[in-house]
1. So how many residues does the stretch 58-79 have that are under 21 Å from residue 46 (Cα atoms) and free of Cβ contacts under 8 Å to residues at least 60 places away in the same chain?
2. Among the residues that make up the stretch 100-111, is at least one of them surrounded by 14 or more Cβ atoms within 10 Å (Cβ to Cβ) and on the phi > 0 side of the Ramachandran plot?
3. So which residues in the stretch 90-110 are in a helix (DSSP H, G or I) and over 15 Å from residue 44 (Cα atoms)?
4. Output the number of residues of the stretch 60-71 satisfying the condition of being in a helix (DSSP H, G or I) and either at pLDDT below 90 or on the phi > 0 side of the Ramachandran plot (or both).
5. Assuming residue 148 fulfils every condition listed in (1) in a helix (DSSP H, G or I); (2) at pLDDT 95 or above apart from one, which condition is it?
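The values are calculated or read from the model by the stated rules, or taken from the named source; none is laboratory data. Only a predicted model underlies this, so the values are computations on that prediction, with no experimental measurement involved. Cβ coordinates were reconstructed from backbone atoms using ideal geometry, including for glycine residues, and neighbour counts include every protein chain displayed.
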């Protein structure tokens, strides 16, 4: 009979402890959400993200308007690259290790370009899924306009800052 009393007391103790922990966890945080976002950093510079991920993903989308995808594999690859470009746009809002990263990501215009790039890349994903060359071409044109606008505003003299040493292809480059 004495054991029956001990089990409910342990149970009540555990429930009480759980309630204290839950209620204690519901209090106001001492860290604002802005401070939490500033602590997030990517392990490379934004320039490296642009040269290795953005350019790499965007170039085939632009080229697809000049050289149409020929089969399901081509379309799936374009969808995959467009999704990478969408993620890459989101990464441009998070500072990395570059000397300008904190300044760029604190600038509303920069963040606007990054958001526009992600949205245009999402439209490119949909174009690739629907196998629509016209939509893919329009998405590619939109991506070019966004990238060029951002480069004019933020890095006019250094398109790739010599990372990987090459610029995006032009239609004339494909005829060589």
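1. Residues flagged as under 21 Å from residue 46 (Cα atoms) and free of Cβ contacts under 8 Å to residues at least 60 places away in the same chain within the stretch 58-79 amount to 1.
2. For the stretch 100-111, residues surrounded by 14 or more Cβ atoms within 10 Å (Cβ to Cβ) and on the phi > 0 side of the Ramachandran plot: absent.
3. Taking the stretch 90-110 as the starting set, the residues that turn out to be in a helix (DSSP H, G or I) are 90-91, 101-105, 108-110.
The answer is 103, 108, 109, 110.
4. Applying the first criterion (in a helix (DSSP H, G or I)) to the stretch 60-71 yields 60-66.
When the remaining residues are screened for being either at pLDDT below 90 or on the phi > 0 side of the Ramachandran plot (or both), the result is 62-66.
Of the residues in that region, 5 qualify.
5. All conditions pass for residue 148, except number (2).
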